[in-house]
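Right, one structure below, let's go through it.
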Amino acid sequence: MSNRTFVVGVGMTKFEKPGGREWDYPDMAREAGTRALEDAGIPYEQVEQAFVGYCYGESTSGQRAVYGLGLTGIPVINVNNNCSTGSSALYMARQAVRGGLADCALALGFEKMERGSLGVKYTDRTNPLDKHVEAMIAVREPEASPPAPQMFGNAGREHMDRYGSTADHYAWIGWKNHEHSTRNPYAQFQTEYTLEEIKNAKVIHEPLTKLQCSPTSDGSGAAIVASERFVDEHDLWDQAIEIAGQALTTDMPAAFESRSCMSVVGYDMSREAARRAYEEAEVGPEDVDVIELHDCFSANELITYEALGLAEEGEGHKLVDAQDTTYGGRWVVNPSGGLISKGHPLGATGLAQCSELSWQLRGSADARQVEGAEVGLQHNIGLGGACVVTVYKQPA
């Protein structure tokens, strides 16, 4: 029996500023889920299992979210893996199909967020990031800036100190992703800024300004994952995109023992997940055409260039100098605008990345289309920690 797996339908909502639209998470999920089902051309009754991701919500919000699509009694599994929640749901849907437990599974993610920087919800128990924070402050003195930009900003500072990248490199990444988003109707921000406006925005944590940081967002994304048999039976080859390689990794000793802020924010997880995903897909970074990576902050995009093998260690900023990660360069990274400009509703982000890459490999990304895209790479990371890297291909 073939264990090949395919994304046969995707859908997402426009990402919105929290409170900017009168809707709740069941509305978001119904909109994204319905679009994915319509894209696949199948009814909800064909779905055998559902994996539903979110970070902020009650324990069975996943069930409530998909009940707007149908009441079929299928297993619904709630997923929470911080910022990599959406791609973790996708990983589990693929596992179910690849393992022969289902021919068709739904991965859906949503988030209804509060405005402002992320804070701690539960103060009467161990913070899951306590070891990460301890590892960071063992290297750099804590500052008054919010925790997430401080952690990723310190990773950027470390790269600057070690390898010679500059604040201008990070600002360019912010400029690039905002420019890309002007072509994405789903993006929370669709404003083109000048490089000077990116650099002169409010400083959140050096070298990061506000326009180099992902915002809190409301929204949802969904993907239908199917077996080769299902694709055949429903004649879905014209739109099927193969998940050719995928890996989910968690923290390794380097995160806490290497005295490296880059390791604290998941560099080693990303590198290992990429290695495994490339190996399964039988490709290398040189084979990839289009990439959606986790640019929660511009610093993370730059260090992730190296973790994904797009550049040698310490040379990520050389891709910026060559403008090799935008249209006309070696790869187009974050054609959607990325988290920085498309938005970052935590549970939905990984499925929005999946949607974008599916559209790109189908050749239906409209004004964002990367010419000749045949292989796509997705990187989604959550501190605490989990990283999912996925390789997509046009099916042979």
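In this structure, does Asp251 turn out to be among the charged types (D, E, K, R), farther than 17 Å from Gly385 by Cβ and open to solvent by 30 Å² or more (accessible area, probe 1.4 Å)? Here the answer is no, as Asp251 does not meet what is asked.
Rundown of residues vs (1) open to solvent by less than 10 Å² (accessible area, probe 1.4 Å); (2) modelled with pLDDT under 95, yes/no style:
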residue: Lys210; (1), (2): no, no
residue: Thr216; (1), (2): no, yes
residue: Ala223; (1), (2): yes, no
residue: Ala226; (1), (2): yes, no
residue: Arg229; (1), (2): no, no
residue: His234; (1), (2): no, no
residue: Asp238; (1), (2): no, no
residue: Ala247; (1), (2): yes, no
residue: Gly266; (1), (2): yes, no
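On the stretch given as region 268-282, residues that are in contact with a helix residue (DSSP H, G or I) (Cβ under 9 Å, 6 or more places away or on another chain) and either farther than 18 Å from Ala386 by Cβ or surrounded by 24 or more Cβ atoms within 10 Å (Cβ to Cβ) (or both) total 6. Regarding region 63-72, can at least one residue be identified that is more than 24 Å from Gln190 (Cβ to Cβ) and under 22 Å from the mean Cα position of the chain (by Cα)? Looking for residues that are more than 24 Å from Gln190 (Cβ to Cβ) and under 22 Å from the mean Cα position of the chain (by Cα), one finds at least one in region 63-72, hence yes. A single entry from Tyr193, Tyr170 fulfils the requirement of being at pLDDT 95 or above, on the phi < 0 side of the Ramachandran plot and crowded, with 23+ Cβ neighbours inside 10 Å: Tyr170. Collect the residues in region 188-218 that are among the small types (Gly, Ala, Ser) and within 23 Å of the chain's Cα centre (by Cα), keeping them in residue-number order. Those that are among the small types (Gly, Ala, Ser) and within 23 Å of the chain's Cα centre (by Cα): Ser214, Ser217. Taking first residues from region 338-365 that are at negative phi and partners that are part of a loop (DSSP other than H, G, I, E, B) and basic (Lys, Arg), the Cβ contacts under 9 Å between residues at least 6 apart in sequence or on separate chains come to Pro345/Lys112; Ala365/Arg183.
Give me the pairs: first residue in region 300-312 and closer than 12 Å to Asn334 by Cβ, second residue outside any helix (DSSP H, G or I) and open to solvent by 10 Å² or more (accessible area, probe 1.4 Å), beta-carbon distance under 6 Å, and six or more apart or on different chains, which are they? Listed by first residue and then by second, the contacts come to Tyr305/Ala311. Residue check: Gly347 meets all listed conditions (1) open to solvent by less than 20 Å² (accessible area, probe 1.4 Å); (2) closer than 30 Å to Tyr163 by Cα; (3) part of a loop (DSSP other than H, G, I, E, B) but one, namely (2).
Of the candidates Ala373, Ala396, Ala367, Ala352, the single residue that is surrounded by fewer than 24 Cβ atoms within 10 Å (Cβ to Cβ) and assigned to a helix (DSSP H, G or I) is Ala367. Return yes or no: is Ala40 touching a Gly at 6+ places or on another chain (Cβ under 9 Å) and either open to solvent by less than 30 Å² (accessible area, probe 1.4 Å) or at pLDDT 95 or above (or both)? Answer is yes for this residue.
In this structure, Gly384 does not satisfy being modelled with pLDDT of 95 or more, part of a loop (DSSP other than H, G, I, E, B) and open to solvent by 10 Å² or more (accessible area, probe 1.4 Å). Considering only residues in region 23-74 that are of a type in the set (Val, Ile, Thr) and touching a residue at least 40 places away in the same chain (Cβ under 8 Å), the one that is nearest to Gly100 (Cα to Cα) turns out to be Val47. Take the conditions assigned to a loop (DSSP other than H, G, I, E, B) and under 30 Å from Glu315 (Cβ atoms) and apply them to Asn184. Does it pass? When the stated conditions are applied, Asn184 passes them. Within region 192-228, the residues that satisfy the criterion of being hydroxyl-bearing (Ser, Thr, Tyr), under 30 Å from Gly57 (Cβ atoms) and in a loop (DSSP other than H, G, I, E, B) are Ser214, Thr216, Ser217.
Pairs are defined by a Cβ separation below 8 Å, a sequence spacing of at least 6 or placement on different chains, a first member in region 91-107 that is under 17 Å from Val388 (Cα atoms), and a second member that is in a helix (DSSP H, G or I) and open to solvent by 40 Å² or more (accessible area, probe 1.4 Å); the pairs so defined are Ala107/Met92.
The values are calculated or read from the model by the stated rules, or taken from the named source; none is laboratory data. Source: prediction; values computed, not measured. Cβ atoms come from the backbone with ideal geometry, glycine included; neighbour counts cover every protein chain shown. Surface accessibility is based on the protein's heavy atoms, side chains included, excluding ligands, DNA and RNA. Shrake-Rupley method; radii C 1.70, N 1.55, O 1.52, S 1.80 Å.
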